[in-house]
Amino acid sequence: MDIIAGMPFFRLEITKDGQEFSASQKAAIENSVRNSGAAQLTDLFVISHGWNNDSAEAQELYEELFANLAALMPGHAALRDRKFAVVGIFWPSKKFADNELIPSGGAASLDDGAHLSSLAVKRKLDSLKGTFDVPDEALLEHAKMLIDGIESEVTKQEEFVNIIRSLVPNAPTDAADDASDQLFAQEPRQLLAALSKPSFPAPARGGGGIALGIDEQAGGVASFEDFFTGIKAAAWRLLNYATYYQMKERAGVVSKVVNGVLGSVRNLRPDLRIHLIGHSFGARVVTAAVDGPTTIRPSSLSLLQGAFSHNGFSERFDGGKDGYFRKVVGQSKVAGPILATHTVNDKAVGIAYAIASRLSFDNANALGDENDIYGGIGRNGAVKMKSVELVKGTLLPASGVYRFVPRKVHNLRADAFIGNHSDVKGPQVAHAILSAVGIT
């Protein structure tokens, strides 16, 4: 056992194929819970990172966020007699932060539809080695050899798409979330043609060419990546989407272990308050764990820039299908409040779902926003929910007063305090989490 911000801290490491890295870690959690009573432990935080390169980055997230939580706890009267411990989940996930969406290596031109350089795509392929479940180094090296000439050679286009398809599972768990079934349904040339266009409407031109920066008409989501057109740009977007898709599927696998461990904890201490926190795809990990076969019924669920569909909690969002996590809300699987921070500043989630719109040939003007069928909860919050289930709010300063309600989803628009996908460690976020914990 370690200590984080004065609280007992337990690591739970999970492999990419959904196995516990060490049985001793689960045993340490269970023994601590088994040997504690309400005088020693009243509340257990369980937190999962999302897109991170390694455990050091996840540890940094946990330390900074919990330092802010600990600093603010004395100001929350309802928590003064509570005793906390923390479980930190660690799982293999490829970083997909905002700056990962911007190609390095430059463009051939920034005028008349900028074309991405071969070097940028090759560097992207190098950066993905070790990302996928299958052995990928030789396949990615072969894909690099196809980049030169791919704009004009159809056979290279087809081979490139088929290589990337071979790297990811071919039976998506939730195609309604992100059009992932279209990754396999379309012909390679059709797929690249769909992805060859910018993900968002082009920004206004200045006197000398494309104006760099954020396109306000696209809700602040457009980035340098979205100026590029052509087959190499399509290859780049396909690689981003494949990374997203792999991490989505892996998050589901990881969630099964989390569900099992927390099910054991719940059996040992039915009175223990469990508070789940997930960032990025970690939001998918903890939400899927709640929705798993073993009943956990946590006291609160905090989703920080979540990387799953904004329709995830919806009932018949398209007139027929329920969101993938509909039962979490419909069956009251969380005893207390569900928080969802969201902001147009989150390019990582915004662009992933804009690409999904391209895959599905959804050509709406506001790609990836709350009006698009494909949008992320980290960008738009939860949408298309019953009015009695959803509260629209704002992330407040650390001195603000919330009126959270149990068993409802609380959208917290965070434009003022969350500047990008990974900016979730601040005191404002910590205060919102503690405010939710305090009513349980």
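Values in this text are rule-based calculations from the coordinates and carry no lab data. Only a predicted model underlies this, so the values are computations on that prediction, with no experimental measurement involved. Note that we place each Cβ from the backbone using ideal geometry, even for glycine, and neighbour counts take in every protein chain shown.
FRET efficiency for the E64 to K16 pair, using the beta carbon distance and R₀ = 35 Å, is estimated at 0.85. Ordering 243-251, 407-415, 143-151 by mean Cβ neighbour count within 10 Å, with the highest value first, yields 243-251, 407-415, 143-151. Taking label positions 7 Å along the Cα-Cβ direction at both S127 and A78, the computed distance is 4.2 nm, reported to one decimal.
In vacuum, with every alpha carbon of the chain counted as one equal point scatterer, what does the Debye formula give for log10 I(q)/I(0) at q = 0.09, 0.10, 0.12, 0.13 Å⁻¹? Two decimals, please. Here the Debye-derived log intensity ratios amount to -0.55, -0.68, -0.96, -1.11.
Per-residue 3J(HN,Hα) values for segment 235-251, derived from phi via the Karplus relation 6.51 cos²θ - 1.76 cosθ + 1.60 with θ = phi - 60°, read 4, 4, 5, 4, 5, 4, 5, 4, 4, 4, 5, 4, 5, 4, 5, 5, 4 Hz in sequence order (x marks Gly and Pro).
Compute the angle between helix 281-290 and the longest alpha-carbon principal axis of the chain, please, reported from 0 to 90 degrees and rounded to the nearest 10. Approximately 50 degrees, to the nearest 10. With R₀ fixed at 41 Å, the C-beta to C-beta distance from A138 to A23 puts the FRET efficiency at about 0.80.
When a/c is below 1.5 the answer is rounded, else prolate if a/b is larger than b/c, else oblate, so apply that to segment 297-402 with a ≥ b ≥ c taken from the square roots of the Cα gyration tensor eigenvalues. In terms of gyration-tensor shape, oblate. Only beta bridges with both residues in the chain are counted; by DSSP, about 15 percent of them are antiparallel.
Output the pairs from K16/K384; K16/K408; K256/K392; K16/K129 with a Cα-Cα distance over 21 Å in this structure; if there are none, say none.
Where the Cα-Cα span goes over 21 Å, the pairs concerned are K16/K384; K16/K408; K256/K392.
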